[in-house]
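Down below is the structure, laid out as structure tokens.
The values are calculated or read from the model by the stated rules, or taken from the named source; none is laboratory data. What you see is a predicted model, and the numbers here were worked out from it, not measured in a lab. FYI the Cβ positions are ideal-geometry reconstructions off the backbone, even for glycines, and counts take in every protein chain you see. Note: accessible area is taken over every heavy atom of the protein model, side chains too, but ligands, DNA and RNA are not part of it. Shrake-Rupley method; radii C 1.70, N 1.55, O 1.52, S 1.80 Å.
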Amino acid sequence: MNEKPILKHRRRRRIVRRIVTLVIVLAILAGIGWYGYGMLKQEYTVTYDGYTATIGSISNALNFSGSLQLIDSASYAASASTTVRKVYVEAGQDVTEGENLVRLSNGETIKAEFDGRVNSLSVEEGDEVANGDALVQVADFTHMKVSFRVDEYDISDVAVGQACTVTATATEKTFQSEIASIDYISSAGGSVAYYTAVAYVDVDEGIYPGMQATVTIPQEEAENVVILKMDALSFDETNSAYVYMYNDAGELEEVNVEVGVSNGNYVEIVSGVNEGDEVYVEAQTEVSASGLSGLLSGLFGGQQMNAPQAGGNMGRGGEFGSDMPGGFDPSSMGSKPERNYSGGGNP
């Protein structure tokens, strides 16, 4: 009896069974996938914050931290062993250049080298002093300087002769000055190079060396322009700014805007938005699913936008500037400058 046809028949049956089994498994997996897709397909809701464009003034500046230092200070000492014959001044007394301070028995007279104040007096008349003993110290507390560090990213924006203001941190007193010098040989600062700039300043009573100070260098400024809070802007993949506004059909659409001066809190709108325009920004997306299903629902689910009614205001943005007079300066609200860098007085 020939067994070959029988063996071939059995092989075909096994192959058919395997194909049928595979088809059934794929059908089951497809059904599970479709069911899972249906379960994961969830709606999500987008809410918006509203803002109102207004007219105002805006400016920005570079800010650096440093410390106040003396320019003129001199300590006088005895040049030989002798006796103090005459003391002409007392501690805290203001003196002028050339004024007598102390006279010694060996005929030496100590005179002030500049206008200033007697900071310390170490002797009295009749005291015996040896060579090198301290006699009197004079310092000029009226004219000081502040040294501050500028990193490599901002050094191109700082130049000798630039106007600046120096504000004493402790007293909040502000004094006008200008950049007097810049040392372009960088100091060690890790991966960033720092350069030392100096400004001289005439200060009031109560300002002393060692006090911390902020040096502010004004940059851009725009007056009586359309401004918006930075939070009102959105940005696309090319970093171009846009806002959402209602079109004539009563639907929200993206509107490209050109921005100008910014202080990090508010921004000038050069074009795209006018005074009084209502603009919106996506505030929050609420998804009903969670975990993996939340992710998939964001990919596959239908979007339900909970947009405000045209002409209305809603959300935490509020109506910035809607009741503000023209010329309102946002910086008066305590907004921070765009950049702040700190550096020691002696880098």
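Where a ≥ b ≥ c are the square roots of the eigenvalues of the C-alpha gyration tensor, would you call region 218-275 rounded, which needs a/c under 1.5, or, failing that, prolate if a/b is larger than b/c, or oblate? Let's see the in-between values first.
Values: a/c = 2.61, a/b = 1.69, b/c = 1.54.
In terms of gyration-tensor shape, prolate.
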Report task. Using the heavy atoms of the protein chains and a 1.4 angstrom probe, tell me the accessible area per residue for region 62-136 in square angstrom. Result -> 51
Report summary line: For Glu99, other-chain or 5+-apart residues with amide H closer than 5 Å (H placed, Pro excluded) are Ala112
Query raised in the report: Tell me, what HN-Hα J-couplings in whole Hz come from the Karplus equation 6.51 cos²θ - 1.76 cosθ + 1.60 at θ = phi - 60° for each residue of region 98-110, using x for Gly and Pro?
Result: x, 6, 5, 10, 9, 10, 9, 5, 7, x, 6, 10, 8
Report task. Starting at the first residue of region 141-158, write each ³J(HN,Hα) from the Karplus equation 6.51 cos²θ - 1.76 cosθ + 1.60 with θ = phi - 60°, in whole Hz, x for Gly and Pro. Result -> 8, 8, 10, 10, 9, 10, 9, 8, 9, 10, 7, 5, 7, 10, 4, 5, 9, 10
Query - Between region 78-121 and region 131-157, the alpha-carbon center distance in angstrom - result: 24
**Report entry** Cβ crowding within 10 Å averaged over residues, with 113-126, 246-259 ranked highest first
**Finding:** 113-126, 246-259
Query raised in the report: Check Asp277: other-chain or 5+ apart residues with amide H under 5 Å from its amide H, H built from backbone geometry?
Result: Ala53
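In whole percent, and with a 1.4 Å probe on the protein chains, what portion of the accessible area of region 82-236 is carbon and sulfur? Can you show the working numbers first?
Values: 3440 of 8050 Å².
Carbon-and-sulfur percentage of accessible area, whole number: 43.
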Requested in this report: Show me 181-187, 235-241, 71-77 ranked by packing, highest mean number of other Cβ atoms within 10 Å first.
Outcome: 71-77, 181-187, 235-241
**Report entry** Karplus 3J(HN,Hα) series, Hz, for region 259-272 with 6.51 cos²θ - 1.76 cosθ + 1.60 (x for Gly, Pro)
**Finding:** 9, x, 5, 9, 10, x, 10, 10, 9, 6, 9, 6, 7, x
